[in-house]
C-alpha cells in the first residue's frame with residue numbers, strides 16, 4: 001500500500017457518519033416544506049423522492065466507509081470506519097421509514 005492510499009482511506013473513513021445526518025436533515029426539511037404543493041395537485045410525492053435520494057446517497061457513503069475500514073492503517077481507524085458505516089446504515093433505515101411515512105401520509109389529511 002502506498003502512503004497516498006492510506007491517507008485517502010483515512011479521509012474517507014468518516015464518510016457515512018458525515019453524509020447520513022446531512023441527508024436526513026435535508027430530507028426532513030423537504031418533507032416539511034413540500035406537502036402544501038403536493039396537496040395542490042403537483043402529483044409527485046417529493047418527500048418520498050427526497051428520502052430515497054438521501055438513503056441512496058447515505059448508503060453509498062456507508063459503503064465507502066466500510067471499504068475504508070479494510071484499508072485502515074490502524075485498528076482505531078478501522079473501528080472508526082466501521083462505526084461510521086453502521087451509523088450510515090442506521091440513517092438509511094431512518095430515511096426509508098421517513099420516506100414511507102411521507103408516501104402514506106401526504107399532509108392533505110387535515
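What the table shows:
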{"item": "Residues being at pLDDT below 85, closer than 13 Å to residue 99 by Cβ and in a helix (DSSP H, G or I) - total across segment 4-47", "result": "3"}
{"item": "Subset of segment 48-76 (residues that are farther than 19 Å from residue 100 by Cβ and touching a helix residue (DSSP H, G or I) at 6+ places or on another chain (Cβ under 6 Å))", "result": "61, 62, 64, 65, 66, 68, 69, 71, 72, 73"}
{"item": "Checking residue 102 against (1) within 12 Å of residue 20 (Cα to Cα); (2) in contact (Cβ under 8 Å) with a residue 40 or more places away in the chain, the condition it does not meet", "result": "(1)"}
{"item": "Among (1) at pLDDT 80 or above; (2) over 11 Å from the mean Cα position of the chain (by Cα); (3) surrounded by fewer than 18 Cβ atoms within 10 Å (Cβ to Cβ), the one test that residue 98 misses", "result": "(3)"}
{"item": "All positions within segment 17-44 that are within 23 Å of residue 90 (Cα to Cα) and in contact (Cβ under 8 Å) with a residue 12 or more places away in the chain", "result": "17, 18, 19, 20, 21, 23, 24, 26, 27, 28, 30, 31"}
{"item": "Failed criterion for residue 84 (all others in (1) touching a residue at least 60 places away in the same chain (Cβ under 8 Å); (2) surrounded by fewer than 20 Cβ atoms within 10 Å (Cβ to Cβ) hold)", "result": "(2)"}
{"item": "Selected residue (only one of 59, 76 is part of a helix (DSSP H, G or I) and buried (at least 18 other Cβ atoms within 10 Å of the Cβ))", "result": "59"}
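The values are calculated or read from the model by the stated rules, or taken from the named source; none is laboratory data. All of these numbers come straight from a predicted model, not from anything done at the bench. Cβ: placed from backbone, ideal geometry, glycine included. Neighbour counts: every protein chain shown.
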